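Quick notes on the structure that follows.
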Amino acid sequence: MGLDMGQIQPDVEQGLDKLRQQIDTALEEMIATRIDSGEVVELSGRVLLAGGKRLRPIMMCLSYEIAGGNDLSKIMPLAMAFEFLHTATLVHDDINDGATHRRGIPTIHETAGLSKAIIAGDWLFVQGYALGGQYNQDIVTNIANCCSSIAVSEFSQIDHIQNLKTSPEDYIAIVKGKTAGPFASGCRSAGIVAEASDEQLHALEEFGNEIGIAYQLVDDLLDLVGDDQIGKPRGTDVHEGKMTLPLIHSLTLSHGADRARLAEIINNFDDDLLDELIQLLEKSDSFNYTKILINNHFERAINHLSIFPTSGAKILLENVAEYATTRKL
């Protein structure tokens, strides 16, 4: 399954597919060396290897290269570490959300039960930390801070479930910790491996941060206006009570009967109300507002890369950034 890059050059797509395949192979080999450990590896490995876009490890490999790194074997364990950690959070997220499928396959808690799913997530976390622990203290601290921020943001998100007073600032704070943080931390860590300058490390971190925010905003839109290919039914976030940016924006701008109805739909959502919800969001121009923000974050991200010289890796990284912020929109 190649990256769906739209109208990009065939050689760029080929370069990204080759990199993704290298990452997949490394992950498959690592799972194969541990498969004797039994069911926990089998269940965890199934989720880890079920596809996925590999955006974070791909961005890390390319960040390493644009910062002057020239030996991918030096970055690959770290890129895998972030993919293991990311997958661990997905396993635990699916438990919290009561999700039945992930990447087209049944979730672990559906097939093996809640207790085993929690342990499988823990196993994936441990593997991620073991891979990251091969690197210096700066990187280990980076990973620890990133994982801590994910936990803090998850708590905050739970506290904001169906909270109609959630502000854009609350939302961005959650996104920075939960989604953007791993992008930012991964890109910065890759720069450390490449022995990048402080200025370059800052640029890579900010690039990852901006792309991570844009990526989440795209997810918010796809939940409402996407198609079946995104892998989850439309309106899933609303069902789960998550206050995404289109909802927050519309609640802020709507007044009177429209706002009262919007609040009622959010608090008592079912699939039959999706069309009416979309009409209210369109009336407040919340989809266009979200698209403008996505583009703003994308442009800021690309600007952060301007300190790096033009290279094949830089072109690939810019294309990955564009894919992450335009997929299926």
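Before moving on, here are some points about what is shown:
Listed here are the residues, each with its yes/no results for (1) in contact with a helix residue (DSSP H, G or I) (Cβ under 8 Å, 6 or more places away or on another chain); (2) within 30 Å of Tyr64 (Cα to Cα); (3) in a helix (DSSP H, G or I).
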site: Glu110; (1), (2), (3): no, no, yes
site: Ala117; (1), (2), (3): yes, no, yes
site: Phe125; (1), (2), (3): yes, yes, yes
site: Leu131; (1), (2), (3): yes, yes, yes
site: Gln134; (1), (2), (3): yes, yes, no
site: Ala144; (1), (2), (3): no, yes, yes
site: Cys147; (1), (2), (3): yes, yes, yes
site: Val175; (1), (2), (3): yes, yes, yes
site: Ala180; (1), (2), (3): yes, yes, yes
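- Among the candidates Ala88, Ala50, Ala81, residue that is among the hydrophobic types (A, V, I, L, M, F, W, C), in a loop (DSSP other than H, G, I, E, B), within 23 Å of Ile119 (Cβ to Cβ) and in the same structural domain as Leu114 (by TED's automatic domain parsing): Ala50
- Phe308 touching a helix residue (DSSP H, G or I) at 6+ places or on another chain (Cβ under 6 Å), within 15 Å of Ile211 (Cα to Cα), crowded, with 20+ Cβ neighbours inside 10 Å and in the same structural domain as Ala180 (by TED's automatic domain parsing): no
- Among the residues of region 98-105, at least one is under 16 Å from the mean Cα position of the chain (by Cα), assigned by TED's automatic domain parsing to the domain that holds Glu42 and either under 26 Å from Leu316 (Cβ atoms) or at pLDDT 95 or above (or both).
- Counting the residues of region 237-262 that are surrounded by fewer than 19 Cβ atoms within 10 Å (Cβ to Cβ), under 20 Å from Lys291 (Cα atoms) and in contact (Cβ under 8 Å) with a residue 40 or more places away in the chain gives 1.
- A count restricted to region 150-167 and to residues that are surrounded by 19 or more Cβ atoms within 10 Å (Cβ to Cβ), outside any loop (DSSP other than H, G, I, E, B) and not hydrophobic (A, V, I, L, M, F, W, C) stands at 2.
The values are calculated or read from the model by the stated rules, or taken from the named source; none is laboratory data. Since the model is a prediction, treat every value here as computed from it, not as a measurement. Counting neighbours? That spans all protein chains shown, and the Cβs are built from the backbone with ideal geometry, glycine included.
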